[in-house]
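Worksheet: one structure, shown below.
The values are calculated or read from the model by the stated rules, or taken from the named source; none is laboratory data. Just so we're clear, the structure is a prediction, and the values are computed from it rather than from any experiment. We place every Cβ from the backbone using ideal geometry, glycine too, and count neighbours over all the protein chains shown. For the accessible areas, the whole protein counts, side chains as well, though only heavy atoms, and no ligand, DNA or RNA atoms are used. Shrake-Rupley method; radii C 1.70, N 1.55, O 1.52, S 1.80 Å.
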Amino acid sequence: MIKRLLFALALTAVISTLNAPCAKSQTLTCQFSFGSAGSGNGQFSGPQGMAFSSNGDVVVADRYNNRVQLFTSSGTFLRQWGGFGQGNGQLFHPTDIAVNTSGDFFVIDAQNSRVERFTSAGSYVSRFGSPGSGNGQLGFSQGIDYSPNGDILIADTTNNRVERFGANGTYISQFGTAGSSSGQFGLSRQIAVDANGNIFVADRNNNRIEKFKNDGTFITAFGTLGTGNGQLNAPRGIAVDASGHVYVGDSSNNRVEVFNNAGSYISQFGGDGASQLSGPNDVAIAPNGRLYVADTGHNRVEVFTVSSVPDPGSIALLVGLAVPGVFMLGRRRKAA
């Protein structure tokens, strides 16, 4: 009897993680959401960074549960790995993930100031990074993506810089310093790379997005503190699609804003409330073109597709994001 009761409770918990209320948007359709608060399989405590395997499975950094969870593209739990600690394969506040061409996962183990590499099955392979501010060292880092040539780029958040590493973790170079001038950061929170190799960094405390050439040369910045269109309040997650649109998790405004590649405002969705968004920490584009949003405050992931093809004469959003035959892989899928 007790075993049956426990099984029923577990089944209820799994079912409750799927098809939760979605954020509303006039431009996007929320297909489904998955996750709920907790520490069981498929539950989250502060979901943060996301990435995708080649077959479309989504891996999520479950920060305060000190683990990584893998799901199918439809949100069905597959497996998890990690666990609190400092040993090989253990994690202490994982914040973001990238996937290389071999399918290995590179996980930012933020509180341990390192990056750990795992196979697609979750087996530990290697690690790089150590605490500090020297070349190749890391503070509390929160963003990782690939350059088109396969280099690993890390938003070294509390050191207010971006560091570049080779495919196996060998330090190459860095750019950025603390401050509010062009090319400086007030916490380099998240990072995305477009198809041309341009690097976009969410400059959290300066409430802006900075754009750089692939060699770290500053190009432009957009966003100011506020709640209006194109304004930002503690931006965190960032993604760039194949057409160059930039999606920003405007965390403290509880929304996602969309800009063109030059930084001009296009649209937004979300808003505070149980059926909206709460502190979105990451946005990522899946191989099938859907937009995944880590709705961190609600401990879930929301999944969107385009509700209609925009009028060709309009400025609008997400052209080709989930239209069959149109979508091409963009960056911030975080795959090499």
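Quick notes on this structure:
- Along the range 95-108 the Karplus relation, 6.51 cos²θ - 1.76 cosθ + 1.60 evaluated at θ = phi - 60°, assigns HN-Hα couplings of 10, 7, 9, 9, 10, 8, 5, 8, x, 6, 9, 10, 10, 6 Hz to successive residues, with x for each Gly and Pro.
- Karplus (6.51, -1.76, 1.60) ³J(HN,Hα), θ = phi - 60°, over the range 215-223, in Hz, Gly and Pro reported as x: 8, x, 6, 5, 10, 6, 9, 9, x
- Convex hull volume per residue in cubic angstrom - Cα atoms of the range 109-176: 83 Å³
- Gain in span if fully extended, THR227 to VAL125, counting 0.36 nm per residue against the direct Cα distance: 32.4 nm
- Vicinal HN-Hα couplings computed from phi for the range 152-168 (Karplus, 6.51 cos²θ - 1.76 cosθ + 1.60; Hz; Gly/Pro x): 9, 10, 10, 7, 7, 4, 6, 8, 6, 7, 10, 10, 10, 10, x, 4, 9
- Long-range HN-HN contacts of TRP81 with modeled amide H, under 5 Å: VAL68
- Listed peptides 192-201, 264-273, 218-227 by packing density, highest first (mean Cβ within 10 Å): 192-201, 264-273, 218-227
- Amide proton proximity set for ASP96, modelled H, under 5 Å, gap of 5+: GLY49, ILE108
- Here the spin labels are modelled as points 7 Å beyond Cα on the Cα-Cβ line, and at TYR171 and ASN205 they lie 2.3 nm apart.
- Sequence ranges 167-174, 78-85, 112-119, ranked by mean other-Cβ count within 10 angstrom, highest first: 112-119, 78-85, 167-174
- Full extension of the chain segment joining ASN88 with SER275 gains 63.4 nm, where the gain is 0.36 nm per residue of separation less the Cα-Cα distance.
- When the solvent-accessible area of the range 171-263 is split by element, carbon and sulfur atoms take up 42 percent of it, the probe being 1.4 Å.
- Ordering of 287-296, 63-72 by burial proxy (mean other Cβ atoms within 10 Å per residue, highest first): 287-296, 63-72
- Inter-site label distance for TYR265 and LYS213 at 7 Å from Cα along Cβ, in nm: 3.1 nm
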